[in-house]
1. Name the GluC sites (Glu not before Pro) in the range 1-73 that are in a loop by DSSP and that have at most 14 other C-beta atoms within 10 Å, would you?
2. May I ask you to derive the FRET efficiency for Ile135 and Ala238 from their Cβ-Cβ distance with R0 = 22 Å, giving the value to the nearest 0.05?
3. Specify which residue in the list Gln127, Leu180, Phe235 is farthest towards the positive end of the charge dipole of the range 106-240, using unit charges on the beta carbon of Lys, Arg (+1) and Asp, Glu (-1), about the Cα centre.
4. Can you list which of the GluC sites (Glu not before Pro) found in the range 82-173 are DSSP loop residues with at most 16 other C-beta atoms within 10 Å?
5. Would you calculate a helix-derived [θ] at 222 nm for the chain, using -39,500 (n - 2.57) for each DSSP H run of n ≥ 4 and dividing by the full residue count, to the nearest 500?
6. Kirkwood hydrodynamic radius, the chain, all distinct C-alpha pairs: what's the number in Å?
7. Over the range 106-240, what portion of Cα pair distances is larger than 22 Å, expressed as a whole percent?
8. Taking loop as defined by DSSP and a crowding limit of 14 other beta carbons within 10 Å, which trypsin sites (Lys or Arg not before Pro) in the range 30-125 fit?
Amino acid sequence: MPTTLLESNLPGLDLIHRGKVRDVYALSDAELLIVASDRLSAFDVVLPDPIPGKGEMLCQISNFWFGRTAHLVPNHLTGKNVADVLPAGADASLYARRSVITKRLKPVPVEAIARGYLIGSGWKDYQATGQLCGIALPAGLRQAERLPQPIFTPSTKAAVGDHDENIGFDRVVELVGADLAEQVRAATLAIYTWAATFAAERGIIIADTKFEFGTDADGKLYVMDEMLTPDSSRFWPADEYRVGISPPSYDKQFVRDYLETLDWNKKAPGPRVPADVIAGTAAKYAEALRRLAGIAID
Ligand SMILES: Nc1ncnc2c1ncn2[C@@H]1O[C@H](COP(=O)(O)OP(=O)(O)OP(=O)(O)O)[C@@H](O)[C@H]1O
Ligand SMILES: [Mg+2]
């Protein structure tokens with residue numbers, strides 16, 4: 001049975017960040033404990049009802065990709081055992097499959113996005129300007145069309161309440177320097193290209209995805225945070241893909257569709273979600289995990 005956790009509670013550990021989904025504890029200057037909760041955010045608002053097992057699925061799918069891509073780009077996982085750092089009395093089974101001990105890195109201050117298809121803000125920017133993050137694209141592309149090759153389309157990390165903004169590569173160079181900017185672009189495209197091929201063989205299109213990178217004290221680059229999850233990526237079932245329409249997605253489409261039927265202003269607090277929508281959303285996460293990673297959650 002998957003466990004359910006809305007908020008972690010680990011007395012004695014130093015909680016440094018409660019994000020929309022994950023709780024981050026500092027174990028030392030060098031290591032973090034990152035706990036994926038079952039919180040679900042939609043339209044940037046955390047909903048009051050957890051999706052049972054979602055945090056476990058997110059953590060397991062990230063771990064799967066980190067393992068599979070370590071030959072391409074080093075990642076933040078230490079491989080250390082979570083049970084060893086939990087305070088006395090904590091329920092280890094609640095944390096075991098949803099937590100990781102990572103290197104504590106200095107975040108590179110951009111969202112490293114790779115796109116293989118033209119959708120979302122990429123499609124909007126292309127319609128307005130014919131370009132995307134300063135990259136000229138062929139004329140006449142349609143919504144959801146596959147790009148001639150995957151592209152690196154960075155964005156700013158917006159403060160809470162703001163929306164991320166697409167930026168050009170030159171802006172990344174200004175922010176982090178040419179050398180690191182080149183490394184981040186190369187790493188982003190290398191992981192995306194590998195993963196997109198892997199997923200395509202399993203009937204899933206990874207339309208786009210967002211990575212976060214960090215550097216250690218020596219300036220070495222690692223991929224960190226979460227990786228290629230339904231929260232950080234657009235996964236499309238290949239058999240439902242059509243150019244010209246926005247394809248149905250794994251992940252939050254289910255709950256978004258429900259929320260669109262409500263008279264809700266998309267501001268906090270979010271509405272309660274009915275049990276069938278919660279179960280349907282959990283099933284979508286489980287399906288992504290099963291199809292991509294071959295991991296069954298019972
Ligand atoms: N290895 C790492 N070293 C340092 N910080 C990390 C590492 N891995 C992840 N992080 C940071 O931990 C946080 C994870 O929290 P989470 O993603 O839930 O919230 P958030 O990104 O702050 O906000 P949002 O809810 O918009 O995602 C992020 O700020 C991420 O940048
Ligand atoms: Mg985040």
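None of the figures in this text is laboratory data; all of them are computed from the coordinates on show. Fair warning: this is a prediction, and the values are worked out from it, not measured in the lab. All Cβ positions, glycine included, derive from the backbone under ideal geometry; neighbour counts span all protein chains shown.
1. Working: sites: Glu7, Glu31, Glu56; in loops: Glu7.
Here the sparse-neighbourhood loop sites are Glu7.
2. Details: r = 25 Å, r/R0 = 1.14.
Calculated value: 0.30.
3. Toward the positive end, the furthest listed residue is Gln127.
4. Numbers: sites: Glu111, Glu145, Glu165; in loops: Glu145, Glu165.
Within the range 82-173, the qualifying GluC sites (Glu not before Pro) (loop, at most 16 other Cβ atoms within 10 Å) are Glu165.
5. -9500 deg cm²/dmol
6. Over the chain, the inverse of the mean reciprocal pair distance is 20.0 Å.
7. 36
8. Lys80
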